[in-house]
Every structure is written in C-alpha cells, then in structure tokens.
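Single-structure report; data block below.
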Amino acid sequence: MYDDPVLLEKIRQQFDSAPYPNTPLDSNPQGKHDLLFIHSLVTPYYLRFQQPTDTRGKVILDAGCGSGYKSLVLAIANPGAKIVGIDLSHQSVDLAQKRLQYHGIDNAEFHVMPIEDLPSLGMKFDYINCDEVLYLFPKIANALRVMKSVLTPQGIIRGNLHSALQRATHFRAQQLFSLMGLLDSNPEEMEVEIALDTMRSLKDVVDIKRKTYDRERYESDDKTHLVLMNYLFQGDKGYTIPELFSALREADLDFISMVNWRQWNLLELFKDPNDLPAFWAMSLPELSAEQKLQVFELMHPAHRLLDFWCTHPNLPTPSPLSSWSDTDWQKAVIHLHPVGSWQLLVIQ
C-alpha cells in the first residue's frame with residue numbers, strides 16, 4: 001500500500017521515538033462525556049439505523065492505536081466489547097498494552113502490523129476506529145477498502161483526514177522545514193530546537209508564525225510533541241471535502257455523518273438562519289450532504305480534522321420521523337444513550 005518504503009520507515013521511526021498521543025499512563029477518560037460519546041458505537045449506529053445497539057460482545061478495532069489512549073476510551077465507552085489494537089510502531093503497541101493492563105482492561109489484544117495486513121487476523125469487526133491515521137496513506141481509498149473487507153454487515157468505520165484548508169499554513173511550515181533538511185531523517189531534539197528557534201526569531205506579524213505558533217503551547221513541557229506532530233510531521237497531508245467523498249465512493253462506502261456533526265451546521269454560519277439571503281434560502285434545501293459540508297468549509301475552515309463515520313452501501317434506511325403515523329409515535333420507545341442522556345427513538 002506504501003510505494004515509498006523510505007517514507008514509511010520515517011513514519012515508523014517517528015512514532016517509535018515519540019508515541020502518539022503522549023497522554024500519561026494513569027490518565028483516565030472516565031467522566032469525559034464528550035470524548036466517550038463520540039467513541040461509543042451506540043452514537044453512529046443510531047445515526048445510521050435509528051435504533052440502539054448493545055455493545056456487549058461487539059469486536060472493536062483501533063486501527064493505528066498508537067499509545068493506546070483511544071483504545072482505553074473505546075473500552076470504557078463500549079462496555080463488554082473486545083478491543084483489538086494494531087499499529088506499525090513496536091513502542092506504541094507496548095505502551096498500549098501497558099495502558100490497558102494498568103486500567104484493568106483485560107478483554108483486549110494488540111498487534112504490531114500495518115492496516116493492509118488486517119485480513120491476516122481472521123477477524124470481523126463491528127466498529128473500526130481509525131483516528132489520526134488515514135491522512136498518512138498515499139491513497140486513502142485503499143486503506144478504506146481493507147477496513148471494509150473486515151467489517152461486519154452493519155459495521156461502522158470512523159476515520160478522519162487533515163483539512164487542506166484549515167491546516168494550509170502548517171503544511172507550508174512543513175515544506176519550509178523540509179527545505180531546511182529537518183525532515184531528511186527522523187527528527188530528534190536538535191531538529192525540534194531548530195524549528196522552535198526559527199519561529200521565535202520571526203516577527204509576530206509574519207504569516208507562518210502568526211497562524212501556527214502559540215508561544216504558550218510551544219514553550220510548554222509538551223513542546224517536543226507539538227513540534228513533531230505539526231512542524232516536523234513525516235508524511236502529513238491535507239484533503240478537501242470533495243476528496244473525502246471521492247475516496248468513499250472509490251472504496252464503495254456510504255457516508256453516515258461527521259463525527260462532530262453539530263459543529264458542521266451550515267445555517268449556524270449566518271447571522272439569522274430564519275432570514276437568509278434569497279439565493280441561500282432557495283439553494284440550501286437542494287444541496288446534498290457533501291455540498292453542504294463543502295460550502296461550510298469554504299466559508300469557515302475551522303476544523304483541523306474532516307472526521308467522519310461510514311458504512312457498507314445500500315443498507316436499509318429507516319423511515320424518517322417526518323413520515324411517522326400516529327400509530328408509529330404511539331409505539332415509539334425512548335432509550336437513553338449510555339453516555340450522557342441523549343434520547344433515542346425507535347419503533348417497537
């Protein structure tokens with residue numbers, strides 16, 4: 001899947017030397033309801049099928065598990081599920097195993113392997129979390145196809161890509177530091193300091209500094225990690241909404257929703273959503289989900305990640321609430337989301 005073995009080795013070395021995320025081993029996501037909500041299989045399952053699901057007995061893959069913090073979040077957000085983590089980095093997998101053992105999660109296993117080797121595990125997954133990984137692939141549709149091949153019939157994939165628009169200045173910074181030779185091999189302490197010295201020496205009005213450099217963050221104890229994941233990130237690339245949907249079509253997957261879908265509401269960008277200019281009042285109802293997301297990002301590229309859920313195509317679509325009869329409403333049962341108090345309506 002990687003036609004550039006040199007770049008692949010650089011990526012592996014970077015995550016061996018600086019496993020991501022660098023969350024402390026004892027950090028516990030219990031109580032972080034927003035984080036648990038988006039990592040609960042119940043959430044995208046309801047958005048797609050308009051019914052709840054029981055996470056007990058489900059098998060969840062953390063593809064590109066890194067140091068295992070998200071694997072821990074997945075275990076807590078999906079009680080009773082088995083967690084399987086894979087990653088290229090031996091150091092990251094070792095940390096992930098230690099993290100889940102530390103927190104008493106015993107229904108988990110981890111493997112050092114690339115995503116393209118997933119079929120060799122001989123397993124099917126109800127949910128695949130591929131967080132902060134896809135944008136490192138030379139062709140994202142190929143990675144999506146592999147994950148689809150090990151997905152159960154009603155399984156769901158969560159993936160994300162760096163936004164080409166929101167992150168444009170960071171990509172320019174990476175080009176600058178590559179030109180300076182800081183990405184020729186695995187960046188270490190010297191390369192990190194050269195990058196920081198460069199930013200410190202620039203005037204505050206210089207565009208690349210003004211848009212990427214936060215003095216407080218980049219002078220904190222986390223500065224090395226921030227530099228490596230932003231200025232000196234091997235293989236980092238950005239994508240647009242049309243490129244995301246093109247990859248989904250190429251991989252024959254159906255878009256479900258953006259993960260933080262409420263923050264992609266196009267109407268919220270207007271001063272008065274109830275009094276739109278005539279063009280937008282007539283046009284918006286006719287736009288597809290892809291078009292609405294593209295317009296949103298062109299107007300307001302605020303999100304670092306194009307973070308999405310997808311699934312197999314041509315699955316049955318439940319009747320929309322607008323078509324429910326009085327009898328349907330009388331039969332409806334309310335279920336509470338296991339994380340928080342989101343209400344789920346289903347026809348019984």
Out of region 237-266, which residues are touching a residue at least 12 places away in the same chain (Cβ under 8 Å), farther than 28 Å from residue 169 by Cβ and out of contact with any Phe, Trp or Tyr (no Cβ under 8 Å at 6 or more places or on another chain)? 250, 251, 252, 253, 254
Give region 115-138 a look and list any residue that's assigned to a loop (DSSP other than H, G, I, E, B) and either within 16 Å of the chain's Cα centre (by Cα) or modelled with pLDDT of 95 or more (or both), or say none. 122, 123, 124, 131, 132, 133, 137
Determine which member of the set 344, 305 is at pLDDT 80 or above and hydrophobic (A, V, I, L, M, F, W, C). 305
Go through region 115-131 and give me each residue that's of a type outside the set (Asp, Glu) and touching an Asp or Glu at 6+ places or on another chain (Cβ under 9 Å). 128, 129, 130
What about residue 87, is it in the same structural domain as residue 147 (by TED's automatic domain parsing), of a type outside the set (A, V, I, L, M) and under 29 Å from residue 236 (Cα atoms)? yes
Scope region 86-105; condition in contact (Cβ under 8 Å) with a residue 24 or more places away in the chain, part of a helix (DSSP H, G or I) and not small (Gly, Ala, Ser); matching residues: 90, 91, 93, 95, 97, 98, 99, 100, 102
Filter result for the condition that a residue is assigned by TED's automatic domain parsing to the domain that holds residue 118, closer than 30 Å to residue 333 by Cβ and under 20 Å from the mean Cα position of the chain (by Cα), over 77, 63: 77
Answer from 267, 232 - the residue that is aliphatic (A, V, I, L, M), assigned to a helix (DSSP H, G or I) and at pLDDT 95 or above: 267
Could you check region 70-85 and list, in sequence order, the residues that are assigned to a strand (DSSP E or B) and either modelled with pLDDT under 95 or of a type in the set (Val, Ile, Thr) (or both)? 83, 84
Within region 168-179, can one find any residue that is surrounded by fewer than 17 Cβ atoms within 10 Å (Cβ to Cβ), on the phi < 0 side of the Ramachandran plot, part of a loop (DSSP other than H, G, I, E, B) and β-branched (Val, Ile, Thr)? no
Which one of the conditions (1) out of contact with any Asp or Glu (no Cβ under 9 Å at 6 or more places or on another chain); (2) crowded, with 18+ Cβ neighbours inside 10 Å does residue 267 fail to meet, given that it meets all the rest? (2)
Output for Cβ contacts, cut-off 6 Å, separation at least six or different chains, first residue farther than 17 Å from residue 181 by Cα in region 10-23, second buried (at least 20 other Cβ atoms within 10 Å of the Cβ) and among the hydrophobic types (A, V, I, L, M, F, W, C), reads 12/88; 18/228; 19/95
Would you please name the residue that is farthest from residue 67 (Cα to Cα), looking only at residues in region 216-227 that are free of Cβ contacts under 8 Å to residues at least 12 places away in the same chain and part of a helix (DSSP H, G or I)? 216
When region 116-171 is checked residue by residue, the ones that are within 20 Å of residue 55 (Cα to Cα) and either hydroxyl-bearing (Ser, Thr, Tyr) or not assigned by TED's automatic domain parsing to the domain that holds residue 246 (or both) are 127, 152
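The values are calculated or read from the model by the stated rules, or taken from the named source; none is laboratory data. Here the structure is a predicted model, which means the values were calculated and not measured. All Cβ positions, even for glycine, are placed from backbone atoms using ideal geometry, and neighbour counts span all protein chains on display.
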